[in-house]
Amino acid sequence: MVIFEILAVILVIFVTFSVATEFAGSTNTQKTFFAEDIRMMINTLIGTPGDASIEYPQDISGYTLLLNSEEIIVLEDVKEGTDEFPVHRYISLPYDHSASGSVTKTDTLCIEKQYKRITLKPCT
Amino acid sequence: MNKKAQFEVARKSIYWMIAGFVITLVVIGFVLIIVNYRNALTEFPPELNAEFISLRFTNIPECFAYQDAETKRVYPGIIDLEKFTTERMEQSCYKTDPEKGHGTFNFELELRDKGVAIKTNNYFNAPVFTLRRNVFVKDANGISKDELLIHTQVAIPYFRDYEDRDLSIVGTN
């Protein structure tokens, strides 16, 4: 009976530590920050008459960012396959505007608006 | 097994049934605390997002900013009353997904002095806060001063008391 009790305590400690470890190792928070930052930057560019360019002041290495006219997708670069939990953020573009671009395996990110076209690309 | 041992086994079984239930609740509670903490960590003030989205309403010609027909010059902060319609809002300014759009920002724009109001396609009269901007309005009679009230509906359901805030950052006067 005592062995059973010790096993039960070990199991509870193991489950608790597993949850805590998974939380500590998760990159969801960082992906959400990137996606929200980029959404706000794109909305600012849209609300700016004329052309403009913004350099994102953070290191984005280890992540892939995709942009199309409907959403921003942030994925973590994983060794095999693709990230199972990408973060999506919806964007609404005005008439005649379009958005595209992707960045991967780079640490810099620039967002450019040129004649109603918003482009996500590595900074040069 | 004598009677004392039988009693001991039964007692322990009941104890572990109760302990198992309590331990399960504790672990689930721990997970919920972590999930809530993570959600709180990544929560952005909705006013910030709404402020950036709403820049377009007064600043670009695809929305409601006045554009000189001859020179094509855009006047940010001057609203062309002819453009200020729900059709224009949906067709060329801001439209959310017809099915899932209630989960994001929707707006009702109201020109206070003119008494004109327009809405985005998924606005269900559930504003969470109001942004205010000082603008000029151009109509057939010329240009006049007005205040643009941007009633903002965040994702539905969104549980927060209605707040009427003055978050004006793009005053034109």
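Relative contact order for the stretch B:1-155: what is it in percent, counting Cα pairs under 8 Å that are at least 6 residues apart?
18 percent.
Rounding to the nearest 10 and keeping the result within 0 to 90°, find how far the Cα-based axis of helix B:46-59 lies from the longest principal axis of chain B.
In chain B, helix B:46-59 runs at an angle near 20 degrees to the longest axis.
What lysines does residue B:12 reach when the alpha-carbon gap must be under 23 Å and sequence neighbours fewer than 8 apart in one chain are set aside?
Filter leaves B:3, B:4.
Please tell me which of these pairs span more than 19 angstrom C-alpha to C-alpha: A:31/A:79; B:72/B:114; B:114/B:145; A:116/B:95; A:113/B:145; B:83/B:119?
Beyond 19 Å between Cα atoms: B:72/B:114; A:113/B:145.
When only Cα pairs under 8 Å and 6 or more residues apart are kept, what is the percent relative contact order across chain A?
Here the relative contact order equals 26 percent.
Taking Rh as the Kirkwood radius, which is the inverse of the mean 1/r over Cα pairs, what is the Rg/Rh value for the protein assembly as shown? Write down the numbers at each step before the final one.
Numbers: Rg = 26.7 Å, Rh = 22.6 Å.
Reported Rg/Rh (Cα atoms, Kirkwood Rh): 1.18.
Hey, got the average number of other protein chain Cβ atoms within 10 angstrom for residues in B:73-83?
So the per-residue partner count for this stretch is 1.
Which angle between 0 and 90 degrees, to the nearest 10, do you get for helix B:3-41 versus the longest principal axis of chain B when only C-alpha atoms count?
Compared with the principal axis, the helix lies near 10 degrees.
Can you give the helix-only mean residue ellipticity at 222 nm for chain B, where every DSSP H stretch with n ≥ 4 adds -39500 (n - 2.57) and the sum goes over all residues, rounded to the nearest 500 deg cm²/dmol?
Mean residue ellipticity at 222 nm (helix-derived): -11000 deg cm²/dmol.
Rounded to the nearest 10 degrees, what's the angle between the helix A:2-25 long axis and the longest principal axis of chain A, both from Cα atoms, 0 to 90?
Computed tilt is about 10 degrees.
Rounded to whole Å, give me the distance from the Cα center of the stretch A:75-120 to that of the stretch A:27-65.
Using only Cα atoms, the two centres lie 8 Å from each other.
If the only charges are +1 at each Lys and Arg Cβ and -1 at each Asp and Glu Cβ, what is the size of the charge dipole of the stretch A:2-121 around the Cα centre, to the nearest 20 debye?
On the way: 9 positive and 17 negative charges, 70 e Å.
For the stretch A:2-121, the charge dipole is close to 340 debye.
Please report, largest first and rounded to whole Å, the three semi-axes of the ellipsoid equivalent to chain B, where each semi-axis is the square root of five times an eigenvalue of the C-alpha gyration tensor.
Semi-axes from the Cα gyration tensor: 58, 14, 13 Å.
If you count, for every residue in B:57-66, the Cβ atoms of partner chains within 10 Å of its Cβ, what is the mean?
If you average over the peptide's residues, the count of other-chain Cβ atoms is 3.
Every number here is computed from the coordinates shown, using simple stated rules; none is lab data. Predicted model, so just to flag it, every value in this text is computed and none were measured. Every residue, glycine among them, receives a Cβ derived from its backbone with ideal geometry; neighbour counts consider all protein chains shown.
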